[in-house]
Amino acid sequence: MSDHLIAADDHTGYLRLALSCARQSPPKPTNYRVGAVLVDARTNAILATGFTLELPGNTHAEQCCFIKYATERHVTEDQLAEVLPPDTLLYTTMEPCTHRLSGQVPCVQRILATRRQGQGVSKVLVGVREPTTFVANNSAQALLSESGIQYEHVSGLEDEILQVATAGHEKST
Ligand code: HJL
Ligand code: ZN
């Protein structure tokens, strides 16, 4: 993908695109419906989009972005550091996970792995913090910041993001 439809400083525009991806995710009571977009900060090109459960297996939105971009570039996910632009932005409707109840590799670890050689994700922009329903203490902001990856909260879409994320969850009355 390489559309140039969204201006560099239009963080809400990219987050809205991520939210439209999240809406394509099938509701599941044991996770959130999240959407994510990978952007080349030098050109504003959209490198990949993803949503929860888009790819086979119990896949997260951020994980789908990484796998889709790696597949397009004919490398494995752990070779992404070699092919991602040096300034890659990751927009995600919900902050990346630091712990997964299923035991899979958390998305924060996947993000850190893209940065092994000074390339890859340099900044993560999130729409909401992770609610405490599944994992009480998401520590994405601390873990990313400690590793020199910027973390920014883009405000304004929280209500819509949470509504989409929790569709399919049992609501207490
Ligand atoms: C983010 C996603 C997604 C979550 N978070 N950032 N993107 N589904 O696509 C976080 C939640 C985990 C649960 C269940 N959700 O997904 O904490 O089954 O989905 O490994 O911990 O774990 P599994
Ligand atoms: Zn995740």
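The values are calculated or read from the model by the stated rules, or taken from the named source; none is laboratory data. Everything quoted here is computed from the prediction, not taken from an experiment. A quick note on method: Cβ atoms are made from the backbone with ideal geometry, for glycine too, and the neighbour counts reach across all protein chains shown.
Would you check if there is a residue in region 125-138 being of a type outside the set (D, E, K, R), more than 10 Å from ligand 1 (Cβ to nearest atom), more than 17 Å from Val34 (Cα to Cα) and at pLDDT 95 or above?
So far as region 125-138 goes, no, none of its residues is of a type outside the set (D, E, K, R), more than 10 Å from ligand 1 (Cβ to nearest atom), more than 17 Å from Val34 (Cα to Cα) and at pLDDT 95 or above.
Of all residues in region 27-72, count the ones that are free of Cβ contacts under 8 Å to residues at least 12 places away in the same chain and either within 12 Å of ligand 2 (Cβ to nearest atom) or touching a helix residue (DSSP H, G or I) at 6+ places or on another chain (Cβ under 8 Å) (or both).
1
Given the condition loosely packed, with under 13 Cβ neighbours inside 10 Å, within 15 Å of ligand 1 (Cβ to nearest atom), touching a residue at least 24 places away in the same chain (Cβ under 8 Å) and over 23 Å from Leu19 (Cβ atoms), answer yes or no: does some residue in region 92-102 qualify?
Yes, region 92-102 contains a residue that is loosely packed, with under 13 Cβ neighbours inside 10 Å, within 15 Å of ligand 1 (Cβ to nearest atom), touching a residue at least 24 places away in the same chain (Cβ under 8 Å) and over 23 Å from Leu19 (Cβ atoms).
Considering each residue of region 138-165, count those that are farther than 22 Å from Tyr14 by Cβ and in contact (Cβ under 8 Å) with a residue 40 or more places away in the chain, and give that number.
Residues that pass the stated criteria total 2.
If you go through region 122-137, how many residues are within 15 Å of ligand 2 (Cβ to nearest atom), in contact with a strand residue (DSSP E or B) (Cβ under 8 Å, 6 or more places away or on another chain) and in contact (Cβ under 8 Å) with a residue 60 or more places away in the chain?
Qualifying residue count for the region: 2.
Can you tell me which residue is surrounded by the fewest Cβ atoms within 10 Å (Cβ to Cβ) among those in region 29-52 that are within 8 Å of ligand 1 (Cβ to nearest atom) and outside any strand (DSSP E or B)?
Thr30
Considering only region 103-126, state which residues are farther than 21 Å from Ala70 by Cβ and out of contact with any Phe, Trp or Tyr (no Cβ under 8 Å at 6 or more places or on another chain).
Within region 103-126, Gly103 is the sole residue that qualifies.
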